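Comments concern the structure below.
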Amino acid sequence: GQQVMQIPQYQHVQEGEDFTTYCNSSTTLSNIQWYKQRPGGHPVFLIQLVKSGEVKKQKRLTFQFGEAKKNSSLHITATQTTDVGTYFCAGRYSGAGSYQLTFGKGTKLSVIP
Amino acid sequence: DGGITQSPKYLFRKEGQNVTLSCEQNLNHDAMYWYRQDPGQGLRLIYYSQIVNDFQKGDIAEGYSVSREKKESFPLTVTSAQKNPTAFYLCASRTGQGPPGELFFGEGSRLTVL
């Protein structure tokens, strides 16, 4: 089946450092979503990217969708302890199964104060 | 307040017993989903339902069953045929019947089989 690969699996940063997580698909995505799950919590929607080359910003978070619509990244500038959690990308493919989202395995972010 | 309610939050069962997890939403959403989350494995789709009285298998449906008799409710039964049922189960919903937009998740049910 289709897979979305997400790296790294874990990332430890000092507070104030930047953080990036990457997602990659072998086939073209229709769109990609990003979610954040705090420790002990449930995933919460952050954003959806639809267009080739799209870049969206939310305060210190920058989301990119690749030109070929096969990869995406989430970059956090100057991390804070409130950024701690696991970040998931979730891709949607066209055609059969288009009503499903395929989740990456997530990147667990730890921020050292 | 609108949202998704899952119950119970924690559940312990013996091997061989069927277990039903409840998921109720008052968001008036058409589509509902069940995901399983294991450490380091992300979210894997068990079943989803686009509309009342209709549902489809996801990637890991074996050993699970669902029903969708009401728009608000989408219970998941973990049967004794599921070989490794200990996991964190998440229910989600979204508006509309078209391709998925934002998913709203419940707080999850953590099942431990002893």
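The values are calculated or read from the model by the stated rules, or taken from the named source; none is laboratory data. If you're wondering where the values come from, they're calculated on a predicted model, not measured in any experiment. Please note: Cβ atoms are built from the backbone with ideal geometry, for glycine as well, and neighbour counts cover all protein chains shown. Please note that ligands, DNA and RNA were not included when accessible areas were found on the heavy atoms of the full protein model with its side chains. Shrake-Rupley method; radii C 1.70, N 1.55, O 1.52, S 1.80 Å.
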Can you pull out every residue in the range B:94-111 that is at pLDDT 95 or above and open to solvent by less than 70 Å² (accessible area, probe 1.4 Å)? B:105, B:106, B:108, B:109, B:111
Some residue of the range A:38-54 being touching a strand residue (DSSP E or B) at 6+ places or on another chain (Cβ under 7 Å), buried (at least 19 other Cβ atoms within 10 Å of the Cβ) and within 16 Å of residue B:43 (Cβ to Cβ): yes
Please find, within the range A:1-28, the residue that is nearest to the other protein chains (Cβ to nearest Cβ) out of those that are under 11 Å from the mean Cα position of the chain (by Cα) and open to solvent by 90 Å² or more (accessible area, probe 1.4 Å). A:5
Out of the residues in the range A:99-113 meeting the condition of being in a strand (DSSP E or B) and more than 11 Å from every other protein chain (Cβ to nearest Cβ), tell me which one is nearest to residue B:34 (Cα to Cα). A:109
Residue list for the range A:28-42, filter: in contact with a Lys or Arg (Cβ under 7 Å, 6 or more places away or on another chain) and either farther than 30 Å from residue B:6 by Cβ or in a strand (DSSP E or B) (or both): A:28, A:31
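Of all residues in the range A:74-98, which are more than 14 Å from every other protein chain (Cβ to nearest Cβ) and more than 12 Å from the chain's Cα centre (by Cα)? I'd like the intermediate steps shown before the answer.
Quick first cut of the range A:74-98, residues more than 14 Å from every other protein chain (Cβ to nearest Cβ) only: A:74-84.
Within the range A:74-98, A:77, A:78, A:79, A:80, A:81, A:82, A:83, A:84 qualify.
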Options A:31, A:71; residue that is under 25 Å from residue B:44 (Cβ atoms), within 13 Å of the chain's Cα centre (by Cα) and within 14 Å of chain B (Cβ to nearest Cβ): A:31
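Restricting to the range B:1-55, name every residue that is free of Cβ contacts under 8 Å to residues at least 24 places away in the same chain and either among the polar types (S, T, N, Q) or within 13 Å of chain A (Cβ to nearest Cβ) (or both).
Of all residues in the range B:1-55, those free of Cβ contacts under 8 Å to residues at least 24 places away in the same chain come to B:1, B:39-42, B:44-45, B:48, B:52-55.
Of everything in the range B:1-55, those that are free of Cβ contacts under 8 Å to residues at least 24 places away in the same chain and either among the polar types (S, T, N, Q) or within 13 Å of chain A (Cβ to nearest Cβ) (or both) turn out to be B:39, B:40, B:41, B:42, B:44, B:45, B:48, B:53, B:54, B:55.
Could you please give the count of residues in the range B:43-53 that are more than 14 Å from the chain's Cα centre (by Cα) and either assigned to a strand (DSSP E or B) or within 11 Å of residue B:92 (Cβ to Cβ) (or both)? Before the answer, list the steps.
Pass one, the range B:43-53, residues more than 14 Å from the chain's Cα centre (by Cα): B:51-53.
Checking the rest, the ones that are also either assigned to a strand (DSSP E or B) or within 11 Å of residue B:92 (Cβ to Cβ) (or both) come to B:51.
Summing the residues that are more than 14 Å from the chain's Cα centre (by Cα) and either assigned to a strand (DSSP E or B) or within 11 Å of residue B:92 (Cβ to Cβ) (or both) in the range B:43-53 gives 1.
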Residue count for the range B:60-114, restricted to those that are closer than 20 Å to residue A:48 by Cα and more than 11 Å from chain A (Cβ to nearest Cβ): 2
Condition (residue is at pLDDT 95 or above, out of contact with any Ser or Thr (no Cβ under 9 Å at 6 or more places or on another chain) and either polar (S, T, N, Q) or under 27 Å from residue A:16 (Cα atoms) (or both)) applied to the range A:89-104: is it met by at least one residue? no
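Is it the case that residue A:78 is aliphatic (A, V, I, L, M), crowded, with 16+ Cβ neighbours inside 10 Å and in contact (Cβ under 8 Å) with a residue 60 or more places away in the chain?
Numbers: aliphatic (A, V, I, L, M): yes; crowded, with 16+ Cβ neighbours inside 10 Å: no; in contact (Cβ under 8 Å) with a residue 60 or more places away in the chain: yes.
Here the answer is no, as residue A:78 does not meet what is asked.
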Take the residues in the range B:4-42 that are open to solvent by less than 20 Å² (accessible area, probe 1.4 Å) and assigned to a loop (DSSP other than H, G, I, E, B), then tell me which one is modelled with the lowest pLDDT. B:42
If we scan the range A:81-98, do we find a residue that is outside any strand (DSSP E or B), surrounded by 18 or more Cβ atoms within 10 Å (Cβ to Cβ) and on the phi > 0 side of the Ramachandran plot? no
